[in-house]
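The next block holds one structure in the form of structure tokens; read it before the comments.
The values are calculated or read from the model by the stated rules, or taken from the named source; none is laboratory data. Since the model is a prediction, treat every value here as computed from it, not as a measurement. Methodologically, a virtual Cβ is constructed for each residue, glycine included, from the backbone with ideal geometry; neighbour enumeration extends over all protein chains shown. For the accessible areas, the whole protein counts, side chains as well, though only heavy atoms, and no ligand, DNA or RNA atoms are used. Shrake-Rupley method; radii C 1.70, N 1.55, O 1.52, S 1.80 Å.
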Amino acid sequence: MSGDRRIAPPTLGSERETLRAFLDYHRATLAMKCEGLADEELRQRSMPPSTLSLLGLVRHMAEVERAWFRRVFEDNDAPMVWSDTTDFQAAYDASASTRAEAFTAWEAEVENSRRIEREAGSLDLAGRQPRWGEEVSLRMVMVHVLLEYGRHNGHADFLREGVDGTVGA
């Protein structure tokens, strides 16, 4: 990993500015954990029988971004990226994936999520979560996705250490 170029979230700011900044910080953290690694290293699995890898996490987070922003606020029927059956586990199997494929999909979903959030008049914007069949607010979605990144960035810490011994933020 090269130097830490992430932008720290503000210590003061509105709820929306804070949520947006923490999401972007965690998105940058996942990208940073993958810096400087070849496709083969990014596909390196944690331990059998798990298919968990850094590349699998990137693919999974593309699915998370799509499921919680695009499918909730724009198109409940939008297909998932790597699964026809809304199987989030399918994204973890990155055995035939490449950095280019995974990051292109993830970055596209992140940009779509950012656009949806920017265009929303309020964090109270409601959308329908198709898996739950319930209305959810943009606020809840942002917090949920932030928690997903927090959990999976912890996995990314261990995975990166296992690949080349690199530790740290």
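A few notes on this one:
- Matching residues, region 151-169, being closer than 17 Å to Glu63 by Cβ, open to solvent by 30 Å² or more (accessible area, probe 1.4 Å) and either touching a helix residue (DSSP H, G or I) at 6+ places or on another chain (Cβ under 7 Å) or in contact (Cβ under 8 Å) with a residue 24 or more places away in the chain (or both): His155
- Tallying residues that are modelled with pLDDT under 95 and surrounded by 16 or more Cβ atoms within 10 Å (Cβ to Cβ) within region 9-31 yields 1.
- Members of region 34-53 found to be farther than 22 Å from Asn112 by Cβ and either assigned to a helix (DSSP H, G or I) or of a type in the set (Asp, Glu) (or both), listed by number: Glu35, Asp39, Glu40, Glu41, Leu42
- Within the set Asp124, Asp77, the sole residue that is closer than 21 Å to Phe22 by Cβ, more than 19 Å from the chain's Cα centre (by Cα), part of a loop (DSSP other than H, G, I, E, B) and of a type in the set (D, E, K, R) turns out to be Asp124.
- Matching residues, region 80-98, being free of Cβ contacts under 8 Å to residues at least 40 places away in the same chain, surrounded by 13 or more Cβ atoms within 10 Å (Cβ to Cβ) and either among the β-branched types (Val, Ile, Thr) or assigned to a loop (DSSP other than H, G, I, E, B) (or both): Met80, Val81, Trp82, Ser83
- Near pairs, Cβ below 6 angstrom, 6+ apart or cross-chain, from region 102-116 (farther than 21 Å from Leu42 by Cβ) to any residue that is open to solvent by less than 10 Å² (accessible area, probe 1.4 Å): Ser113/Glu65; Ser113/Phe69; Ile116/Phe69
- Filter result for Ser113 (over 29 Å from Gly36 (Cβ atoms), hydroxyl-bearing (Ser, Thr, Tyr) and open to solvent by less than 50 Å² (accessible area, probe 1.4 Å)): no
- In region 127-145, the qualifying residues are those that are hydrophobic (A, V, I, L, M, F, W, C) and buried (at least 16 other Cβ atoms within 10 Å of the Cβ), and the one that is nearest to Gly56 (Cα to Cα) is Val145.
- Residue match in region 78-93 (condition: in contact with a helix residue (DSSP H, G or I) (Cβ under 8 Å, 6 or more places away or on another chain) and at positive phi): yes
- Test: residue in region 102-110 that is within 20 Å of Leu54 (Cα to Cα), of a type in the set (Asp, Glu) and open to solvent by less than 10 Å² (accessible area, probe 1.4 Å): yes
- Inside region 1-23, residues that are assigned to a loop (DSSP other than H, G, I, E, B) and within 19 Å of Asp124 (Cβ to Cβ) make up a count of 2.
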